[in-house]
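So the structure is just underneath, and the comments pick up after that.
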Amino acid sequence: MRNVFYKKIISGLAVFTLLLQGLSLPVYAEGKDIKITILHTNDVHGSIVGSDSSIGLDRVASIKKEAELEGANPILVDAGDATQGLPIASLTQGSDIIQLMNAAGYDLMAAGNHEFDYGTEIALENASLADFPVISANIYKDNAPLFQSDDDNGCHVIIEKEGKKLGFFGLTTASTATATNPTGIQDLEFRDEIEAAKSEIDELEEAGCDVIIAVAHLGEYTNVPCDSAALANAMTGEYQGDLDIIIDGHSHTKEDKVVNDVHIVQTGTGLTELGRITLDFSSDDTLTIEVNPISYEDAQAITPDSDISGKIDEINTAQQAMLAEEIGSVTNSMWGGYINYIAEARIVETNLGDFTADAFRDAAQNFIADAEGMADYQDLPVIGVENGGGIRAFWSNGTLTKGDLVSAFPFSNTLMMKEITPSILYQILEQSVYSITGQSSETGMLEGEPFGGFLQVSGIRFSYNPSSETGSKITAVYLNDSDTPLDRQDTSTRLILVSNNYIMSGGSDYNVLASLPLIGEIGGELETIENYVDTQISSGTVPLEFPMSQDRITIDGDLSPDTFTATIIVTKEGVPAADTEVSYYLDGTSEPIFASTDSEGKLIIEIPKGPHALTLSKDQPQVYLNNYTGAGIINIEDERVYPSVEYQTPAEKPANNAFIWGLMIAMAVVEAGIAFYTLKKENRH
């Protein structure tokens, strides 16, 4: 190994130094002849807009420019998963992100597994758009490096600064073959990461590189073919390759450690931190490596680059037209998010919750059927779950747009599959309903608090008792098409669970799932749901029609009365429409129901227990009613209110229903008499 001295700057000292230097970046010690700064990002997942968590790509650009002015010889690299995630990335399948990375001055990028969510061809198109090399030394197509071109070898890049050669080679986890949707990447070969790394290191050493850096999308995992620590440890024994640094990604962790004299760094996810490595070459050619990342807090003192900010604004403006794109239509509203101040999907089963869990389950079943190495899982039951807090809005009846999908699912979640048992399934369902503590016998309204981890489910149905002790609320869990409940103590029967990475990684205290091995990653949550919508509406030729509830989640010993009194405020030009004749439609019925408001403009109706959708006309947005959540039965000022609808001219009421019904009955009697007389006459012959 080279003569390398590792120096870690503690964050407190870094902040103090920044303040002393007026936030000039980077800061160097005296007496060093050549200084080179490597700025690095990973797993940005579309979080390029500055926010309460993201530094923002416009600040990254400013930091690089500042480093150039300071003579720090900056190099900006990315360790993968930049082109998939938030809508600004996924709406154009990553191309807008590449254009912004060009403008920000990236020098190279290693391909992450999610660069392939859109398939091989899109990954190659994005690489061709980049003004910088996209590299991976272990992905091959037709026995050649995937990203090889006339200008680049597709595996490594040598960047020279002040006579010092820095050799960067790319690696992508071989688990990409089962960590993204296999349909679009069946033409790719993911080779052994360590063997590819050894070959690259040998070639870069032969080229005379002073420093060798792996820009890798491997992560710090124990259940992948090769993680970054395994790569570092492979530099011993018979092989003594000079690997100095691994700039890593994939596991969304913040790493700063030395393994086998190899520095491993990673900045988490979502651009919450900008990695910074300073290489100091002294006159005797000793190399000092300083790892000093720029935190979100420190970056706030940096003025964003106006050119990048302007380009982001241009992209957002251009994407508004895409968000307005009509996908199809919805017959009955798909409920989720906050409805009239009530977080419905965090309390009860909703139809958008059912639909989303169905989409996850469908994608997992297709993945298992299509991907290599999935034969052992093909006959296992698949269960899909989505946490209610992950559904941020509802789709109103009428036109469904791309923007509606994005509003409901704005996060850059990835779908993961893990193997569980009935025992684990009971544990996660207990966590799902733990915050529901009782039920009103008068109205059936559930007591307790909404919980973002409340699970919407597919492939199973279950019942629970709200009043039971925490940890003992679930009374029975059934697989689809089975009347035999799963055994709570069963730790051997194999089941497949699919959900978003937040839940699968232990979010909302689903800790039991965090340590389970990953079977595979399917792709982005938003893209999965959009594809499922497309199949259900036959590419826009039929409306999306989904029942209000499918009784997948039921209350054991339900205290609700069979019907409940619901109240809706009818307004006319913003004022309650008192003592007014109206007609309304309940749950998409074809025939109107006639009623009148009271002196306060309230439409008070008696309807069956459970969720319902009501509107005064078929073209009007529906409102949501549900005794279990209090929608339509409680009115607490500034917190929850009765739903309101704008007055619509009532449907035409039959002039005299009694007369018409009497006439119809009389005609039926006459017709029956004629038929009887005719039959009797024929029988005489």
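According to a simple spin-label model (label point 7 Å from Cα along Cα-to-Cβ), what is the distance in nm between SER599 and LEU323?
According to this spin-label approximation, the distance is 4.6 nm.
Could you state the accessible area per residue of the chain in Å², with a 1.4 Å probe and every protein chain left in place?
42 Å²
Which value in nm describes the separation of the simple spin-label points at GLU125 and THR571, placed 7 Å from the Cα toward the beta carbon?
Placing both labels 7 Å beyond Cα along the Cβ direction yields 4.5 nm.
Farthest toward the dipole's positive end in the range 482-571, which of THR565, LEU544, ALA514, given Cβ charges of +1 (Lys, Arg) and -1 (Asp, Glu) about the Cα centre?
So the residue furthest toward the plus end is ALA514.
Could you give the distance between the Cα centres of the range 237-261 and the range 154-169, to the whole Å?
18 Å
What ranking do 513-526, 577-590 get when scored by the average of other Cβ atoms within 10 Å per residue, highest first?
513-526, 577-590
Cα-based Rg of the range 420-491 per 2.2 N^0.38 Å, rounded to two decimals?
Cα Rg divided by the expected 2.2 N^0.38 Å: 1.13.
Quickly estimate the mean residue ellipticity at 222 nm for the chain, helices only: each DSSP H run with n ≥ 4 gives -39500 (n - 2.57), and the total goes over all residues, rounded to 500.
-8000 deg cm²/dmol
From Cα pairs below 8 angstrom and at least 6 apart in sequence, can you work out the relative contact order of the range 178-306, rounded to a whole percent?
Contact order relative to length: 16 percent.
Could you give me the percent of Cα pairs per 10 Å distance bin for the range 22-165, shortest bin first, beginning at zero and ending with the bin that holds the maximum distance?
Computed distribution, short to long bins: 11, 39, 32, 15, 3, 0.
In whole angstrom, note down how far apart the Cα centers of the range 354-409 and the range 473-490 are.
Centre-to-centre (Cα) distance: 22 Å.
Please report, in whole Å, how far the alpha carbons of the range 84-126 spread along each principal axis, starting with the longest.
26, 21, 15
Calculate the dipole size of the range 592-640 relative to its Cα centre from +1 charges on Lys and Arg beta carbons and -1 charges on Asp and Glu beta carbons; express the result in debye to the nearest 20.
The calculated dipole for the range 592-640 is roughly 260 debye.
Mind checking the dipole of the chain: about its Cα centre, +1 per Lys or Arg Cβ, -1 per Asp or Glu Cβ, Debye to the nearest 20?
Using Cβ point charges on Lys, Arg, Asp and Glu, the chain gives about 1880 debye.
From the phi of every residue in the range 615-631, what ³J(HN,Hα) in whole Hz does the Karplus formula 6.51 cos²θ - 1.76 cosθ + 1.60 yield, where θ is phi - 60° and glycine or proline is x?
With coefficients 6.51, -1.76 and 1.60, one gets 8, 8, 9, 5, 8, 8, x, 7, 10, 9, 10, 6, 5, 5, 9, x, 5 Hz.
Amide H to amide H under 5 Å from GLY438: which residues, 5+ apart in sequence or cross-chain, H placed 1.01 Å off N in plane?
So GLY438 has HN proximity to GLU447.
Which residue, TYR377, PHE169, ALA359, has the largest displacement toward the positive end of the dipole of the chain when charges sit on each Cβ (Lys, Arg +1; Asp, Glu -1)?
The Cα lying farthest towards the positive end belongs to ALA359.
Of GLN320, LEU231, LEU287, which is farthest along the charge dipole of the range 219-334 in the positive direction, counting Lys and Arg as +1 and Asp and Glu as -1 at C-beta?
Highest projection toward the positive end goes to GLN320.
Please report Rg over Rh for the chain, where both radii come from the alpha carbon positions and Rh follows the Kirkwood definition.
Here the Rg-to-Rh quotient is 1.09.
Considering only the chain, what is the antiparallel percent among its DSSP beta bridges, to the nearest 5?
That works out to approximately 70 percent antiparallel.
First check a/c for the range 194-323, with a ≥ b ≥ c the square roots of the eigenvalues of its C-alpha gyration tensor; if it is under 1.5, answer rounded, and if not, answer prolate when a/b is larger than b/c or oblate otherwise.
prolate
Under a point spin-label approximation (7 Å from Cα along Cα-to-Cβ), what is the VAL259-ASP490 distance to one decimal in nm?
3.8 nm
How far is the Cα center of the range 81-110 from the Cα center of the range 282-344, in Å?
11 Å
Where the accessible area of the chain is counted over protein heavy atoms with a 1.4 Å probe, how much of it, in %, is carbon and sulfur?
48 percent
Pull out a ≥ b ≥ c, the square roots of the eigenvalues of the alpha-carbon gyration tensor of the range 295-372, then state rounded if a/c is under 1.5, prolate if not and a/b is larger than b/c, and oblate in the remaining case.
Prolate.
The values are calculated or read from the model by the stated rules, or taken from the named source; none is laboratory data. Everything numeric here is computed off the predicted structure, so don't read it as measured data. Cβ coordinates were reconstructed from backbone atoms using ideal geometry, including for glycine residues, and neighbour counts include every protein chain displayed. These area figures cover heavy atoms from the full protein model, side chains too; ligands, DNA and RNA do not enter into them. Shrake-Rupley method; radii C 1.70, N 1.55, O 1.52, S 1.80 Å.
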